[in-house]
Amino acid sequence: MERHDINALAARIEGPVLLPGQEGYDEERTGFNLAVRHRPEVIVGAARAEDVAAAVAFAAAHDLPVAVQNTGHGFSVAAEGGLLVTTGRMAAVRVDPEARTAYVAAGARFEQVIPEAARHGLAPLNGSAPHVGVVSYTLGGGLALLGRSHGWAADRVRAMDVVTADGRLRHVTPDAEPELYWALLGGRDNFGIVTGMEFGLVPVARLYGGGLFFDAGRTPGLLEAYGRWTATVPDEMNSSVALIPFPEDPQVPEPMRGRHVWHVRIAFTGSPEDGERLVGPLRQVGPRLLENLRDMPYEQSAAIHDDPPVPMPWAADAAFLADPDGDTVRTILEHAGPGAALPAIVELRHLGGALARRPAHPNAVGHRDARFMLAVLTPLTGISTADAHAFLGRMFKDLEPWTSGRFLNFMGHGDTADQERTRTAYTADDHQRLTALKARYDPRNVFRLNYNIPPQTAR
Ligand SMILES: Cc1cc2nc3c(=O)[nH]c(=O)nc-3n(C[C@H](O)[C@H](O)[C@H](O)COP(=O)(O)OP(=O)(O)OC[C@H]3O[C@@H](n4cnc5c(N)ncnc54)[C@H](O)[C@@H]3O)c2cc1C
């Protein structure tokens with residue numbers, strides 16, 4: 001790549017074009033997960049869809065792989081060379097209250113959409129953390145806080161604007177481009193860079209939600225009890241449980257400080273009275289350290305999981321899981337319970353309900369029949385990535401009898417992000433269809449710095 005090539009590219013781009021060593025390069029490539037960063041040959045800080053198209057066309061002409069980054073919450077494979085498109089400057093959000101839809105540009109975060117939709121008594125199908133990027137979350141399926149009651153975020157997508165590997169900007173709808181529509185929703189970043197997305201909102205203004213906190217040392221049976229309880233609740237009951245090793249830190253509330261704590265999270269879309277009644281059996285499991293269940297405006301729903309908004313380094317993996325019986329629970333706790341080799345946050349989300357239904361317009365989001373999603377996250381403070389990946393590898397190997405494949409949105413980076421694991425996110429038929437479509441839309445695998453679906457090779 002010559003200097004005059006870069007100058008010609010920069011002349012076509014409204015946002016900045018940055019090379020290694022230039023001011024702004026390090027800041028631009030740094031995302032929310034501080035464990036790893038892209039090291040591209042060139043960064044295009046896209047300010048509009050045309051910038052994305054020019055960047056991809058440039059990469060194709062120079063045979064460079066393309067990586068994409070919005071917030072950096074979902075880092076998978078690091079670019080060593082290649083071209084990185086950052087989308088944070090494309091942050092427009094528009095809500096149409098009549099049509100009950102939102103249109104977001106590639107860099108929008110849910111913390112922008114939630115208040116805008118709430119003004120009209122509406123909500124997006126966001127996940128636990130409002131600082132996550134809307135587009136990538138949705139392309140990965142989007143396991144929403146309201147998933148059981150309202151389904152996958154991907155199922156609400158009406159249209160996408162996408163730049164494909166040939167540098168073309170296409171408007172994708174279920175009617176106009178059904179194959180690309182199907183592949184993008186679930187196939188994520190393998191088929192192009194989505195520059196904007198229109199999706200349906202749901203009429204949810206209030207929730208009965210919050211958390212119950214238990215001392216894991218005094219309630220060893222909580223996970224099994226939670227599993228049994230989930231079999232008794234209606235679709236309006238959205239919930240998850242996390243096992244969190246809280247540090248001995250004065251900033252941690254006193255009852256949790258220095259303990260392993262079960263945090264049961266509730267987001268119930270029925271009445272507060274029904275919510276109270278349904279949660280009753282969970283309160284019987286043991287004494288709570290703390291409880292903050294309440295009737296709340298949807299706008300405050302980020303408080304339910306209370307995910308920390310500050311960037312940090314971590315490693316993670318995630319898989320779909322069967323009902324947590326005694327053997328499953330024992331295996332989880334042996335690896336990641338009190339006394340674990342490494343500190344780990346374990347999260348089990350209850351699926352089913354609307355997540356199990358087929359969408360009006362088919363897409364590639366898999367594992368609709370799964371009962372639970374298990375995610376494990378290891379903070380990398382004083383722990384090497386290699387040690388964390390070895391720990392996660394051992395745990396998920398031992399859990400294989402009860403897991404049924406990976407969930408892209410929580411799959412982690414580096415060693416946990418290879419093509420074999422990615423394949424397990426889909427049925428064999430869907431994966432084959434995805435590889436055939438990859439061969440059609442990205443035959444040179446320009447978009448390979450991701451959970452990669454390789455192009456099908458000619459037989
Ligand atoms: C604290 C936390 C809470 C979370 N909660 C949930 C949850 O409740 N439910 C859930 O389903 N997921 C959840 N996630 C996972 C999250 O949805 C994914 O990590 C998602 O990929 C993040 O998108 P991003 O744009 O914020 O991150 P980025 O790291 O910027 O993007 C992730 C990847 O998506 C691709 N990408 C980004 N933008 C585009 C684009 N415009 N077009 C095509 N590809 C693109 C890129 O390959 C990029 O590497 C959570 C993650 C964290 C860290």
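The values are calculated or read from the model by the stated rules, or taken from the named source; none is laboratory data. Computed from a predicted structure; not experimentally measured. In this analysis, Cβ positions are derived from the backbone assuming ideal geometry, glycine residues included, and neighbour counts consider all displayed protein chains.
A quick yes/no check of all residues on (1) assigned to a helix (DSSP H, G or I); (2) farther than 30 Å from THR378 by Cα; (3) assigned by TED's automatic domain parsing to the domain that holds TRP314; (4) aliphatic (A, V, I, L, M):
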{"residue": "ALA10", "(1), (2), (3), (4)": "yes, yes, no, yes"}
{"residue": "GLY15", "(1), (2), (3), (4)": "no, yes, no, no"}
{"residue": "GLU27", "(1), (2), (3), (4)": "yes, no, no, no"}
{"residue": "ILE43", "(1), (2), (3), (4)": "no, no, no, yes"}
{"residue": "ASP51", "(1), (2), (3), (4)": "yes, yes, no, no"}
{"residue": "ALA55", "(1), (2), (3), (4)": "yes, yes, no, yes"}
{"residue": "ALA60", "(1), (2), (3), (4)": "yes, yes, no, yes"}
{"residue": "HIS73", "(1), (2), (3), (4)": "no, no, no, no"}
{"residue": "SER76", "(1), (2), (3), (4)": "no, no, no, no"}
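Looking only at residues that are in contact with an Asp or Glu (Cβ under 8 Å, 6 or more places away or on another chain) and under 16 Å from ARG440 (Cβ atoms) in the stretch 163-182, which one is surrounded by the most Cβ atoms within 10 Å (Cβ to Cβ)? Selected residue: VAL172. Restricting the stretch 410-459 to residues that are over 23 Å from the mean Cα position of the chain (by Cα) and assigned to a loop (DSSP other than H, G, I, E, B) leaves a set whose member that is surrounded by the fewest Cβ atoms within 10 Å (Cβ to Cβ) is ARG459.
Matching residues to (1) closer than 30 Å to ALA159 by Cβ; (2) away from the ligand (no atom under 16 Å from the Cβ); (3) not aromatic (Phe, Trp, Tyr):
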residue: LEU184; (1), (2), (3): yes, no, yes
residue: GLY200; (1), (2), (3): yes, yes, yes
residue: LEU223; (1), (2), (3): no, yes, yes
residue: TYR226; (1), (2), (3): no, yes, no
residue: SER240; (1), (2), (3): no, no, yes
residue: PRO250; (1), (2), (3): no, yes, yes
residue: PRO253; (1), (2), (3): no, yes, yes
residue: GLY258; (1), (2), (3): no, yes, yes
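Might you check whether a residue that is buried (at least 20 other Cβ atoms within 10 Å of the Cβ), away from the ligand (no atom under 16 Å from the Cβ), assigned to a helix (DSSP H, G or I) and assigned by TED's automatic domain parsing to the domain that holds GLU400 occurs anywhere in the stretch 333-351? Yes, some residue in the stretch 333-351 is buried (at least 20 other Cβ atoms within 10 Å of the Cβ), away from the ligand (no atom under 16 Å from the Cβ), assigned to a helix (DSSP H, G or I) and assigned by TED's automatic domain parsing to the domain that holds GLU400.
Would you mind finding the one in GLU27, GLU41 that is within 16 Å of the ligand (Cβ to nearest atom) and either at pLDDT 95 or above or closer than 14 Å to ALA78 by Cα (or both)? Criteria check complete, one pass: GLU27.
When VAL279, VAL204, VAL233, VAL252 are screened for being surrounded by fewer than 23 Cβ atoms within 10 Å (Cβ to Cβ) and without any contact (Cβ under 8 Å) to a residue 24 or more places away in the chain, only VAL252 passes. Pairing each residue of the stretch 123-145 that is at positive phi with any residue that is near the ligand (Cβ under 6 Å from one of its atoms) and modelled with pLDDT of 95 or more, provided the two are 6+ apart or on different chains, yields C-beta distances under 8 Å for GLY141/ASN409; GLY142/GLY127; GLY142/ASN409. Screening SER271 on (1) under 22 Å from GLY217 (Cβ atoms); (2) exposed (fewer than 14 other Cβ atoms within 10 Å of the Cβ) shows it passes everything except condition (1).
Filter the stretch 108-147 down to residues that are in a helix (DSSP H, G or I), under 26 Å from ALA183 (Cβ atoms) and touching a helix residue (DSSP H, G or I) at 6+ places or on another chain (Cβ under 9 Å) and give me whichever is farthest from the ligand (Cβ to nearest atom).
My answer is VAL113.
Identify the residue in the stretch 388-409 that is part of a helix (DSSP H, G or I), among the aromatic types (Phe, Trp, Tyr) and closer than 23 Å to GLY141 by Cβ and, among all such residues, is nearest to the ligand (Cβ to nearest atom). Across the stretch 388-409, the extreme among qualifying residues is PHE396. Of the residues making up the stretch 148-182, those that are within 17 Å of the chain's Cα centre (by Cα), within 12 Å of the ligand (Cβ to nearest atom) and within 14 Å of ALA102 (Cα to Cα) are ALA153, ALA154.
Scanning the stretch 78-107 for residues that are more than 13 Å from the ligand (Cβ to nearest atom), of a type outside the set (A, V, I, L, M) and outside any loop (DSSP other than H, G, I, E, B) returns GLU80, ARG94, ASP96, THR101, TYR103. A Cβ distance below 8 Å, combined with a sequence gap of six or more or placement on separate chains, defines the contacts here; from the stretch 210-221, residues that are in contact (Cβ under 8 Å) with a residue 60 or more places away in the chain reach residues that are polar (S, T, N, Q) in the pairs GLY210/ASN292; GLY211/ASN292. Checking the structure you have, find out if any residue of the stretch 386-398 is at pLDDT 95 or above, surrounded by 14 or more Cβ atoms within 10 Å (Cβ to Cβ), among the aromatic types (Phe, Trp, Tyr) and assigned by TED's automatic domain parsing to the domain that holds GLU334. Yes, because at least one residue in the stretch 386-398 is at pLDDT 95 or above, surrounded by 14 or more Cβ atoms within 10 Å (Cβ to Cβ), among the aromatic types (Phe, Trp, Tyr) and assigned by TED's automatic domain parsing to the domain that holds GLU334.
Regarding ALA375, is this residue touching a Pro at 6+ places or on another chain (Cβ under 9 Å) and either among the hydrophobic types (A, V, I, L, M, F, W, C) or modelled with pLDDT of 95 or more (or both)? Considered against the rule, which asks whether it is touching a Pro at 6+ places or on another chain (Cβ under 9 Å) and either among the hydrophobic types (A, V, I, L, M, F, W, C) or modelled with pLDDT of 95 or more (or both), ALA375 comes out as no.
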